[in-house]
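For reference, the structure discussed in these notes is given below.
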Amino acid sequence: MAIKTVGVIGCGVMGSGITQVSAQSGFQTVVVEANQELLDRGLGRLRQTLAGLVERGRLEAKARDATLERITGAIRLEDLKACDLVVEAMTENQQLKNETFAKLDRISPPSAILATNTSSCNVTQLAAATTRPGRVVGLHFFNPVPLMKLVEVARTILTDDAALGTATEWVRSLGKVPVQTKDATAFIVNRLLVPYLLDAVRVYEGGLASLEDIDQAMKLGCGYPMGPFTLLDLVGLDTALYVAEVMFEEFREARYAPPPLLKRMVTAGRLGRKSGRGFYTYDAENR
C-alpha cells in the first residue's frame, strides 16, 4: 500500500518533530494532542523551527508555507480515521499506549499501519491490544527528529512482511536511514547507550573526575559530539531514569540499575535542560 496521509499522536518534542518531517516530505499529516493548549504549544514550537530554517536560508518561505498547509491539528483520536499510517509519540507509559492502540484499532481503516515511537515499551503488547497485530511496528525516531537521520524499525513476532516493508519505505521517503531490530527492550541504540550513561554517573559519583573533565574526555578521546552529562541533560534525567528502570526490570542485570545519584536528582527536580538544571545549570536559552 502507498502511504498518503499520516497521523501523529502527541505534539511534544518528538511528536512535533515527526509531524514536521512528515509534512515537509509531502504527506498530509494530522497531529492529535490531549487538549487544545498542548496542541497549540506543540504547533507553535513547530512553526518556530520552520521559521528558524527560513531565517538561516535552509528552507524557502514557499516550502515552509506548503509544509504548514499539510498539517492539521486535532484533539480527538477520531480525526485519525482516514490515515494510512499512525505514529504514536506519547509519554512512555505501557498501559496508556495499550489503551490508545486498542482505540486506534477501532478507529483506523483495517489497512492502516499502527506504529509507536517508543524507546522502551513493549511493541508486542501494543500489537496484542489490536485486531491487526501484523500491522503494528515500532518506529523509533531520535531527538531532534528533523536533524537525526536514524530510525529504528522494530518488528514483533507478529508483524507481517508487507507492513514492515511499507513502514520502512516511508521512513526512507523522509530522508531517514532505517535500521531493522527485533522488538526487545531498548532496541539497539539504548541497549548500548544507557549502560554507558549510567556508568558515567557512577564514575562521577565515585569522585574519579569532575563533570567537565568526564565530558571532555569522552568528546576528545572517543570523538563523541557531546559528553555523557551534556547528553543526559538534553535527554532529560527523568527519561533516562525511566528507561533504565524498564531495562533493569526486563533483564535484571546490574549494568542497567540506576545509580543512587540519578534517582536523587530526579526526586529533587533536577531533570536537565527542561527544568533549567540537571548536572549543569542552564539559562532561559538553554545555554
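The values are calculated or read from the model by the stated rules, or taken from the named source; none is laboratory data. All values reported here derive from a predicted model rather than from experimental measurement. When we count neighbours, we look across all protein chains shown, and the Cβ atoms used for this are built from the backbone with ideal geometry, even at glycine.
Assorted remarks:
- Qualifying residue in region 98-105 (condition: at pLDDT 95 or above, of a type outside the set (Phe, Trp, Tyr) and not in a helix (DSSP H, G or I)): no
- Restricting Ala102, Ala129, Ala82 to residues that are surrounded by fewer than 24 Cβ atoms within 10 Å (Cβ to Cβ), touching a Phe, Trp or Tyr at 6+ places or on another chain (Cβ under 9 Å), farther than 22 Å from Asp40 by Cα and not acidic (Asp, Glu) narrows the list to Ala129.
- Check on Asp238, among the charged types (D, E, K, R), surrounded by fewer than 13 Cβ atoms within 10 Å (Cβ to Cβ) and either over 21 Å from Ala186 (Cβ atoms) or in contact (Cβ under 8 Å) with a residue 24 or more places away in the chain (or both): no
- Search result, residues across region 69-97 that are within 17 Å of the chain's Cα centre (by Cα), among the charged types (D, E, K, R) and part of a helix (DSSP H, G or I): Lys97
- Filter result for Ser22 (within 17 Å of the chain's Cα centre (by Cα), part of a helix (DSSP H, G or I), in the same structural domain as Leu96 (by TED's automatic domain parsing) and over 24 Å from Lys274 (Cα atoms)): yes
- Pairing residues of region 41-60 that are over 13 Å from Ile71 (Cα atoms) and part of a helix (DSSP H, G or I) with residues that are at pLDDT 95 or above and small (Gly, Ala, Ser), at Cβ distances under 7 Å and at least 6 apart in sequence or on separate chains, gives Arg45/Ser16; Val54/Ala61.
Yes or no, residue by residue, for (1) on the phi > 0 side of the Ramachandran plot; (2) of a type outside the set (Val, Ile, Thr); (3) touching a strand residue (DSSP E or B) at 6+ places or on another chain (Cβ under 6 Å):
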| residue | (1), (2), (3) |
| --- | --- |
| Gly236 | yes, yes, yes |
| Thr239 | no, no, no |
| Glu245 | no, yes, no |
| Phe248 | no, yes, no |
| Ala257 | no, yes, no |
| Leu262 | no, yes, no |
| Gly269 | yes, yes, no |
| Tyr282 | no, yes, no |
| Asn286 | yes, yes, no |
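- If you check Thr19, Thr72 for being free of Cβ contacts under 8 Å to residues at least 60 places away in the same chain and crowded, with 22+ Cβ neighbours inside 10 Å, only one passes: Thr19.
- Taking the criterion of being at pLDDT 95 or above and touching a Lys or Arg at 6+ places or on another chain (Cβ under 8 Å), the residues of region 185-215 that qualify are Pro195, Leu198, Asp199.
- Counted residues, region 219-233 - those being within 21 Å of Tyr282 (Cα to Cα), part of a helix (DSSP H, G or I) and among the hydrophobic types (A, V, I, L, M, F, W, C): 3
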